[in-house]
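Participant: Take this structure first; my questions come after.
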Amino acid sequence: MRMKNKDDIWILAIESSCDETAAAVVRNGRDVLSNVISSQIELHKLYGGVVPEIASRKHIEKINQVVEEALQGAGASFDDIDAIAVTYGPGLVGALLVGVAFAKALSFALGIPLVGVHHIEGHICANYIENKELEPPFLCLVVSGGHTHLVNVKGYGQYEILGRTRDDAAGEAFDKVARAIGLGYPGGPKIEELSKQGSPDAIPFPRAKVAGGQYDFSFSGLKSAVLNYINGCQMKKEPICRADVAASFQKAVIDVLVGHAMDAAQEFGVDKFSIAGGVASNATLREAMRQACEQRNIRFYNPSPIFCTDNAAMIGVAGYYDFINGKTHGWDLNAVPGLKLGESI
């Protein structure tokens, strides 16, 4: 067993917003003592995407196991835990309910505080894990399967949304385009890999700008442009180079993400910029953002890929800062699938 310093705060965190059942133990908001993830990707591949009912049932099967493994991995017992943090939104309602119900039961049984955590806040806080020196204020671009947010992080738990997607999130667009060119699910990693064999300048796909929303995103038109290109080639009986389609599509997405991010960084005069979320594990995006930041003398931060995809360590970090700021929840905590960043119950 690991010896716990009496001044330390240990958070047991639970994440079940989509198709990963995860648990972690985080010490003092920055040290991850364990991080256990049970992924359902192989199961959902059969259906070309996440099936909510299957995801919920799998969470029920796995949640006891991942929590036990997280405690064992941290060398901890329930007696060492000071608070339970859990994702309560946004996400799939059935999946969220499994984690929330489990966390509430643990909190009640152990007599320790319960902290409901916003999933997007968790992604932002993932940057603190490996970058011990990083502190607000900074800008963060959150790009995942369900969300694309450009966020001004003013302080711990203090966020201003500068821009968000008006339709498809970046990760959702990756999945849909991957399906269209026959790559299957999950789309992001498959498109990134195929793109290495193609030319990013082969096909002039559009870069959307949103009227009245300087930092808002829209990827639905780009997705439609890719589908129209494929349909056009098929009607003309012209060959389709899937690698060129993948590379050109990926570059169109990255150009918009980097462009909006750097425009905001210039307007707000920031010297620190970070990315987060599942799409942030894309090496091409990371390198493009790194180069853009270097050209402007902005310090660039990004989590390792394991902390980009859904995990409980990031929820533990966010939960720690909420906890020390006095934010806890009661037994009426419920899953809120459409929770907006900055909202609370």
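Participant: As I understand it, the dipole of segment 137-303 uses +1 on the Cβ of Lys and Arg and -1 on the Cβ of Asp and Glu, about the Cα centre. Which of LEU141, PHE174, GLY163 lies farthest toward its positive end?
Facilitator: PHE174
Participant: Between VAL93 and GLU68, what is the FRET efficiency for a Förster distance of 25 Å, r being their Cβ-Cβ separation, to the nearest 0.05?
Facilitator: Once the sixth-power term is evaluated, E becomes 0.45.
Participant: Provide the FRET efficiency to the nearest 0.05 for the ILE161-ILE112 pair, computing r from the beta carbons and using R0 = 30 Å.
Facilitator: Working from the Cβ atoms, E equals 0.40.
Participant: What is the sum of charges, Lys and Arg at +1 and Asp and Glu at -1, for the other residues whose Cβ falls under 11 Å from the Cβ of LEU194?
Facilitator: Combined, the nearby Lys, Arg, Asp and Glu give 0.
Participant: Calculate one ³J(HN,Hα) per residue across segment 78-84 by plugging θ = phi - 60° into the Karplus curve 6.51 cos²θ - 1.76 cosθ + 1.60, and present them in order as whole Hz with x for glycine and proline.
Facilitator: 4, 5, 7, 7, 9, 7, 10
Participant: In addition: Would you please give the FRET efficiency between ASP82 and ALA105, computed as 1/(1 + (r/R0)^6) with r the Cβ-Cβ distance and R0 = 25 Å, to the nearest 0.05?
Facilitator: E(calc), rounded to 0.05, equals 0.90.
Participant: Mind putting a number on the dipole of segment 137-303 about its Cα centre? Charges go on the C-beta only, +1 for Lys and Arg and -1 for Asp and Glu, and I need it in Debye to the nearest 20.
Facilitator: 220 debye
Participant: Provide the net charge surrounding ASP216, with neighbours chosen by a C-beta distance below 11 Å and charges set as Lys +1, Arg +1, Asp -1, Glu -1.
Facilitator: +2
Participant: Multiply the residue gap between SER220 and ALA208 by 0.36 nm, knock off their C-alpha separation, and tell me the result in nm, one decimal place.
Facilitator: That pair, SER220 and ALA208, stretches by 3.4 nm at full extension.
Participant: If you line up the long axis of helix 93-110 against the longest principal axis of the chain, both from Cα atoms, how many degrees apart are they, to the nearest 10?
Facilitator: Roughly 20 degrees between the two axes.
Participant: Could I ask something else about it? For helix 242-268, what angle does its Cα long axis make with the longest principal axis of the chain, in degrees from 0 to 90 and rounded to 10?
Facilitator: Helix 242-268 and the main axis of the chain meet at about 60 degrees.
Participant: Also: Residue separation times 0.36 nm, minus the C-alpha to C-alpha distance between ASN334 and ASN228: what's the value?
Facilitator: 34.0 nm
Participant: Further, regarding this structure: Out of the DSSP beta bridges found with both residues in segment 137-303, what percent are antiparallel (nearest 5)?
Facilitator: Rounded to the nearest five, the antiparallel share is 60 percent.
Any read-out appearing in this document is the output of simple, stated calculations on the displayed coordinates, not a laboratory observation. Owing to the predicted nature of the structure, the values given are computational and were not obtained by experimental measurement. Note that we place each Cβ from the backbone using ideal geometry, even for glycine, and neighbour counts take in every protein chain shown.
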